[in-house]
Amino acid sequence: MGATTILQNHPMHARHRPNIQTLPLLRMASDLATCLEYGRPSLRIIGDGRCGKSTATRILETTTSWRPFPIGFLRMVVGKPTTPSEGNFFREVILGLGMRATTVATPQDLLLRIIRAIEQESARAAADVVVIAIDTAEQLTLKDYAHLAKLQNHFLGSSVQPFFLFIHQSNSVIGGADDLSQLAPPHLYGRFFVDSHVFTGLLWDIPKEDADIQDACDVALALRQLDQVMKWPDEGGRTYTEAFAPYAYSTGWRLEKETEAIRERVENLANQGSYPAPKDWLMASFNQFVYHLLTKIAAGRNEFEGLSAQNIDEALLRSAYAGFENSRNRAAGK
Amino acid sequence: MIADIQLVGGNFNLAPYQSAFGCVARLARLNQVRRVTEYSQLLGIKPNKNINLFSTLTASQLQQKALSTALGIETPSEWDPAVWYPFRVDDARLPSYFGLRYCLACIRLGYHTMLHQLPWISTCPWHGVRLRMRCPRCSRYPVTAAGAPTKLLACACGLDLMNESASALQRHAHPNAATYLQAYLNWCAEQRRTNQLIVTPGVHVDPVRTLSLVDLPPALALRQAKRVREAKRYRLATRLDQESPPRGIDATRHVSHLDLHDDSNPALNHIDQNAAKDARLGRSGQAFGHQGGRDAGARNRSSADGWSSYAAARPGGRYRVVHPNYLNFVDELVAKWNHSSPQQMSKRCNGGLDPRVRLAVLAQGYAEGIFISEHEVNLSTLPERYRSPSPIALLCTSHPSELRIAFG
């Protein structure tokens, strides 16, 4: 079997590619674990669109090492019913959880069904706490939060406790999202608005609070994952970088070493687009950037020795970097 | 499996070998399905309002198919009542209870299996509690109809047999349930190869009567209720591959009523001769104990002429008519025997089985005191048991061939 044939089966060529363990993900896991450990009822994850909040939530759902104790996990996407009512909200929750809904059920029946689903997940995971991740939470209204409070009240005194994880896109509305926390009455604020975590893309600079534990920025560390950690096959295989750039890898070249060169090209793009250099890199773009570098530019070629500025620009173009950033800046009014 | 993610309670590993009704009841309760429309939208079935959902789902393959399609599964074989019988039977509905029969501990978690419907199982094998058909508080039947004001598995008195929360929080199936059920189903499959249930044609058969015919093997034996234990006494077990009856016996007459004019009938003489040797315990003794002698201790001993354990005493000339149901039953029995083992029939019995079987049945019926009656003219004035008797039999064609008959 030739090297090219082997690379054709590489996970990077699959429709669903392996997730890269990033520091924003670990920061979110850490905050979530702390909230769970201290018995908080909810956590709001706030971040820009396409920065990887939902993917991070999905990764947390499937991994267990970050958890302080066994937890159940339900994930849902809330919609905005045309007619806001308790029944329609709970019906949206049921649909969001991927369950079948009927057209004639009463709000009480729908609520009971959600309660049973939470209990069932608790039993499945052999856990007392069930995390209910609510994606697109920016669509929730104060009335919806009141319905969630009603749901939570049903578990008072029960061994099972729901924990709400709101995935909130901060730039869902151009000009800034409506901040409900200012309007929430105390019984809702205390439940759903106290704890929040700002989710970012891959930061270009090391945060001050992490300076003593971090030896490189988020982007460099993400690239380091490809250089050192991610292997195929998992046991005894070559790293992703080595697999796609065998010659360059053998001469000591690493993706991580290109971090500054990449940053330079990113800032160049920002200058061309007349927007400020971004402080972070959206995961939606970063994943495609890495995919293009490895599979299209390095591509297992022996003559590949390292990235040129042209290579980086091409990968940024293919990953729609500028498009994502323009959109983000437009939403922020920059 | 679609149900696993789309419906609460869709993890069927927690309910091994559950019945179709058990599946619907559990899903309906955990998903708050009440109205007939909701059954259709969520579970795919279209039950009629206030119709017994249990009997509908047990009997209707169409409804079972609709349910399994809605759940995204193959129709489980355990939804077919026939796989729960250790015999073949023409009508799979016959040998089980038509109404819901449940174990209190199982139904609390919304679990029901067809095993609990079988007359020869009187206690839940893994909980050891008596199986019930009525509400433990008020003795009414729990709700098994869709669209009723009361929830499924609840009683009109307010007692809810199922605890939804406990069911949703269930983490494991009972550790012994799947093992027992698998062993039981394997045993049934083995038994069905040689055993066949034969019922009186055209007559309603109370499924309870089958309990006297089925003996669980030692590995599956349960602490059975007194009723089940005693039922075993009211049956005939005779080996069919023994010698033919004495010459001159004519028990093959096809008439609407078999007239027995006098005591010179060779069949009755033969019965008399064997009465003292192999009398059974139980009802025959109650019926004729004051008139005929019998030897209870000889029950399990082969008689001198090779016949075994069918005989009883004769009350002495008062009874003169054989009920047509018995004649029909004998015809059915002989036909099934001929059909199931024609080779054995010709090889071993050489045509002698027919009168043998007839005689055995007639003799046992005679012992029961119900098929030979002096009330020849007006049967309608008699109690149901005498007016329309419906014996059933379990024919085993393994070696040695055996026929168990329960009269009633």
Would you mind checking the pairs A:Lys257/A:Lys296; B:Lys49/B:Lys336; A:Lys53/A:Lys231; A:Lys80/A:Lys208; A:Lys150/A:Lys208; A:Lys80/B:Lys151 and listing those with alpha carbons more than 29 angstrom apart?
-> B:Lys49/B:Lys336; A:Lys80/A:Lys208; A:Lys150/A:Lys208; A:Lys80/B:Lys151
Using a 1.4 angstrom probe, figure out how much accessible area the range A:226-289 has per residue, in square angstrom, rounded to the nearest whole.
-> 49 Å²
10 Å Cβ neighbours from other chains, averaged over peptide B:30-41 | 5
Going by a 1.4 Å probe on protein heavy atoms, which residues of the range B:127-175 end up with at least 20 Å² less accessible surface in the whole assembly than in their chain alone?
-> B:Glu164, B:Ser165, B:Ala168, B:Leu169, B:Arg171
Evaluate the charge dipole of the range A:30-164 about its Cα centre and quote only its size in Debye, nearest 20, assuming +1 on the Cβ of each Lys and Arg and -1 on the Cβ of each Asp and Glu.
-> 200 debye
Threshold 40 Å², the range A:108-150 residues less accessible with all protein chains present than alone (1.4 Å probe) = A:Asp109, A:Arg113, A:Arg116, A:Glu119, A:Gln120, A:Ala123
For the range A:135-218: accessible area per residue (Å², 1.4 Å) | 49 Å²
Karplus ³J(HN,Hα) for the range B:204-210 (6.51 cos²θ - 1.76 cosθ + 1.60, θ = phi - 60°; Hz, whole; x = Gly/Pro) runs 5, 10, 6, x, 4, 5, 5
Accessible surface of A:Asp128 in the full protein assembly, 1.4 angstrom probe, to the nearest 10 Å²?
-> 80 Å²
Rounded to the nearest 10 Å², the 1.4 Å probe accessible area of B:Ile121 is 0 Å²
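Ignore the peptide's own chain and count Cβ atoms of other chains within 10 Å of each Cβ in A:87-99; give me the average, rounded. Don't skip to the answer; put the middle values down first.
Working: counts 0, 0, 0, 0, 0, 0, 0, 3, 0, 0, 3, 2, 7.
Mean shielding count: 1.
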Return the carbon/sulfur percentage of the accessible area of the range B:13-131, one whole number, probe 1.4 Å, all protein chains in place.
-> 51 percent
Count neighbours as other Cβ atoms within 10 Å of each site's Cβ, and list the GluC sites (Glu not before Pro) in the range B:28-116 that are DSSP loop with at most 15 such neighbours.
-> B:Glu74
Roll a 1.4 Å probe over the protein heavy atoms and report the accessible area of B:Trp79 in Å², nearest 10.
-> 10 Å²
Report the FRET efficiency, 1/(1 + (r/R0)^6), for A:Ala216 and A:Thr251, where r is their Cβ-Cβ distance and R0 is 22 Å, rounded to 0.05.
-> 0.55
Sorting A:His197, A:Ala245, A:Leu226 by the position of each Cα along the dipole of the range A:121-252 (Lys, Arg +1; Asp, Glu -1; all at Cβ), the one nearest the positive end of that ordering is A:His197
Which whole number of Å³ per residue matches the convex hull of the alpha-carbon atoms in the range B:6-139?
-> 117 Å³
The range B:104-211, accessible area per residue, ligands and nucleic acids excluded (1.4 Å, Å²) | 40 Å²
If contacts are Cα pairs under 8 angstrom and at least 6 residues apart, what is the relative contact order of the range B:1-150 in percent?
-> 26 percent
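Could you give the dipole magnitude of the range A:179-334 about its Cα centre, charging the beta-carbon of Lys and Arg +1 and that of Asp and Glu -1, in debye to the nearest 20?
Around 500 debye, computed over the range A:179-334.
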Magnitude of the charge dipole, chain A, Cβ model with Lys/Arg +1 and Asp/Glu -1, debye to 20 = 940 debye
Interface size B-A, as summed buried accessible area [1.4 Å probe, Å², nearest 100] | 2000 Å²
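The values are calculated or read from the model by the stated rules, or taken from the named source; none is laboratory data. Quantities reported herein were computed from a predicted structural model and do not represent experimental measurements. Cβ sites come from the backbone with ideal geometry, for glycine too, and all protein chains shown count toward neighbours. Heavy atoms of the whole protein, side chains included, go into the accessibility calculation; ligands, DNA and RNA do not. Shrake-Rupley method; radii C 1.70, N 1.55, O 1.52, S 1.80 Å.
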